[in-house]
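Here the structure comes first, spelled out in structure tokens, and everything after it is commentary.
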């Protein structure tokens, strides 16, 4: 039949694109607009072969062959079929297994069944040479596409290049139409304004109760900083005292003590053996218990649910979402959300703020910046885990990605809060 088919080795295409744009073949260094990439492949294939497209086959690896977010988005696109091999880790490196064999089988089967007249191969692996030669023997024209090499040399098997009927190079200008390098040291999105994102989370000042308690601990008048609960006190070394008290001079920002420094501080005094009932600096016990949060800062949790009443009353996204909205959210996640950590945080915040019936909740949340209330933060990270952001080492989201997720969340909340206060007519 007078149609063309495109077979894409995603490991080669995206790895070579990362080398070209980011200087190393790690796919984590690039952001891909899959819709634009598929559209570009289709237009280029139809122009080069002068045949209408039958289908694009996307071959890639995935842990346990479980489709990742990008695979779920790709396989619902028109004229796209995803074939997955295994992704295994060996000697600290990830390697695809079964992808070449799947491409070889598809290539020979298409040619044998005369399903198309032209096949475009986007690969560099010489293992496909037998399949390429078999396709030619069945009367199929084979077009071999390469990604421009970062060093100007070939990044394909010379045997493949020699046997292909046609060869084209996808240059930097073509690649950048759908792929871009991530910025080092920050999320793949413009930094939020007016609030700085990651820096504020890392350097956020402690609540006043924590600062007072830290000062008491540093002077040896408070409960055991190690949290042993035996009422014993110990002198704090000069270096620890400086870090714990957070005093950096007049007008300076206050540091964040470690969990070991302030474990147990803020608990009611009668719980700690040997401490006076009213040992707080002002003679009364702080109402909140200070605990360490995964966002590298302290949060106050008080009341019956362990959180301040203001934040404990904030509804979760699940509570605000109907069954119909849940289905629509899942559809959007598969087809539209790219999976960049910053973007994931923005999407979650957009849905949460849009479904709030009371704008007071939004104002309450905004006053908590940069600490996201515990229940909402946990729901946010669980949502982000759907997008393949879990580190395979220990099934935890990478620390930098967590900061970027929360930065995206606060960026969207800022925009929504500003919209609430914008007069109609401005």
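The values are calculated or read from the model by the stated rules, or taken from the named source; none is laboratory data. Fair warning: this is a prediction, and the values are worked out from it, not measured in the lab. Note that we place each Cβ from the backbone using ideal geometry, even for glycine, and neighbour counts take in every protein chain shown.
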Notebook entry, point to check: Which residue, of 331, 310, is modelled with pLDDT under 85 and in contact with a helix residue (DSSP H, G or I) (Cβ under 9 Å, 6 or more places away or on another chain)?
Noted result: 310
Next item on the list: Can you tell me which residue among 115, 95 is over 26 Å from residue 150 (Cβ atoms) and either out of contact with any helix residue (DSSP H, G or I) (no Cβ under 7 Å at 6 or more places or on another chain) or assigned to a strand (DSSP E or B) (or both)?
Entry: 115
Next item on the list: Those residues that are in a helix (DSSP H, G or I) and surrounded by 20 or more Cβ atoms within 10 Å (Cβ to Cβ), I need them from region 57-70; list them, please.
Entry: 70
Next item on the list: Collect the residues in region 142-181 that are over 33 Å from the mean Cα position of the chain (by Cα) and either on the phi > 0 side of the Ramachandran plot or outside any loop (DSSP other than H, G, I, E, B) (or both), keeping them in residue-number order.
Entry: 142, 143, 144, 158, 159, 160, 161, 162, 163, 166, 167, 168
Next item on the list: Give the residues of region 1-40 that are part of a loop (DSSP other than H, G, I, E, B) and closer than 25 Å to residue 94 by Cα, sorted by residue number.
Entry: 23, 24, 25, 26, 33
Next item on the list: Considering (1) touching a residue at least 12 places away in the same chain (Cβ under 8 Å); (2) out of contact with any helix residue (DSSP H, G or I) (no Cβ under 6 Å at 6 or more places or on another chain), say which one residue 124 fails and leave the rest.
Entry: (2)
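Considering every residue within region 379-387, establish whether at least one is assigned to a loop (DSSP other than H, G, I, E, B), closer than 25 Å to residue 69 by Cα, touching a helix residue (DSSP H, G or I) at 6+ places or on another chain (Cβ under 8 Å) and not assigned by TED's automatic domain parsing to the domain that holds residue 74.
Yes, region 379-387 contains a residue that is assigned to a loop (DSSP other than H, G, I, E, B), closer than 25 Å to residue 69 by Cα, touching a helix residue (DSSP H, G or I) at 6+ places or on another chain (Cβ under 8 Å) and not assigned by TED's automatic domain parsing to the domain that holds residue 74.
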Item checked: Which numbered condition residue 5 fails, given (1) within 14 Å of residue 74 (Cβ to Cβ); (2) touching a helix residue (DSSP H, G or I) at 6+ places or on another chain (Cβ under 9 Å) -> (1)
Notebook entry, point to check: Since residue 50 meets every condition but one in (1) at positive phi; (2) in contact (Cβ under 8 Å) with a residue 24 or more places away in the chain, which condition does it not meet?
Noted result: (2)
Margin query: Checking residue 312 against (1) surrounded by 12 or more Cβ atoms within 10 Å (Cβ to Cβ); (2) closer than 21 Å to residue 385 by Cα: exactly one of these is not met. Which one?
Written below: (2)
Notebook entry, point to check: Looking at (1) assigned to a strand (DSSP E or B); (2) under 21 Å from the mean Cα position of the chain (by Cα), which is the only condition residue 54 fails?
Noted result: (2)
Next item on the list: Give the residue that is farthest from the chain's Cα centre (by Cα), with candidates limited to residues of region 315-335 that are more than 16 Å from residue 349 (Cα to Cα) and in contact (Cβ under 8 Å) with a residue 24 or more places away in the chain.
Entry: 335
